[in-house]
Amino acid sequence: MSNGTETAGDFAVHVFAVADAEFRKLVHDPLELFSRAVQPVLWLVLFGEVMARVRGITAQGERYLDFLAPGILAQSVLFVSIFYGISAIWERDLGVLHRYMVSPAPRSALVLGKALSSNVRALSQALVVYLCALVLGVSMDLHLANIAAVIVLIVLGSALFSTFSLIIACIVRTRERFMGIGQILTMPIFFASNAIYPIGIMPGWLKTVALINPLTYEVDGLRAMMLRGSNSAVGLGTDFAVLFLIFGVLLVVATRMYPRMTE
């Protein structure tokens, strides 16, 4: 039992060490957080205000800005996470990855640490979206339990998409290819979800795509937790279960592929 406890403790230490290294990079470049904060503000202020004048997007009596805010938060998490894998390519080129590979840390701890470190950026985006939404009069639910659930959803979504990003980096192995693939994937994942319009108005084929899109379940959970009087369309248990399951699968795949970055 003690050996198992020590192993679990060592694993946690390795995960934290990798996450802490990524966090320190961000601390030395706070301008990145500011520049990334501009995008969700523009989506809410410009896109949200314009689309709010289009009838029939949301149910009668529902404000479009209320509907949009959780979707923009999920979009922000997606955008900061999907390009996270490029850091692995940089680390390989700088020789950092080789030092990771010869360390005693399990490969799964390295991958998990990187996945969790992406949450610093994601949670900073959440703060921006919350503040902007409150200024715009969005009907936000500020109960602590709901905010805690939102944080868990953000952590899950960010970890999922950053791990997916790492897998892409392991496949393409160059910064130029990675940027091209990342841009190709980001828009379909975003628009084939319920982030900016409900699934009910989608054509049949797009509904099918949306239902296998993990971003859809993240947005659904965020809407239920962020907005007063809102409920999950599929159930919060389903939202969390789908995100956990997909992240678990991606974590296993990334753990197997990550060492190949050094080849």
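Results, tabulated for the structure shown:
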read-out	value
Linear extension gain, residue 175 paired with residue 94, 0.36 nm per residue minus alpha-carbon span	27.9 nm
Top of 224, 195, 159 by mean-square fluctuation, Gaussian network on the chain, Cα under 10 Å	224
Spin-label pair residue 256/residue 17, simplified geometry with 7 Å Cα→Cβ offset, distance in nm	2.7
Length-normalised contact order for region 2-262 - Cα pairs under 8 Å, 6+ apart - percent	27
Point-charge dipole on Cβ atoms (K/R +1, D/E -1) for the chain, about Cα centre, debye to 20	440
Residue of 222, 153, 127 that the Gaussian network model of the chain assigns the largest fluctuation, springs spanning Cα pairs under 10 Å	127
GNM flexibility winner over the chain from 125, 183, 75 (Cα, springs under 10 Å)	183
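Quick note: the coordinates plus some simple rules give every number you see, no bench work behind them. Everything numeric here is computed off the predicted structure, so don't read it as measured data. Positions of Cβ are backbone-derived with ideal geometry, glycine not excepted, and every protein chain shown enters the neighbour counts.
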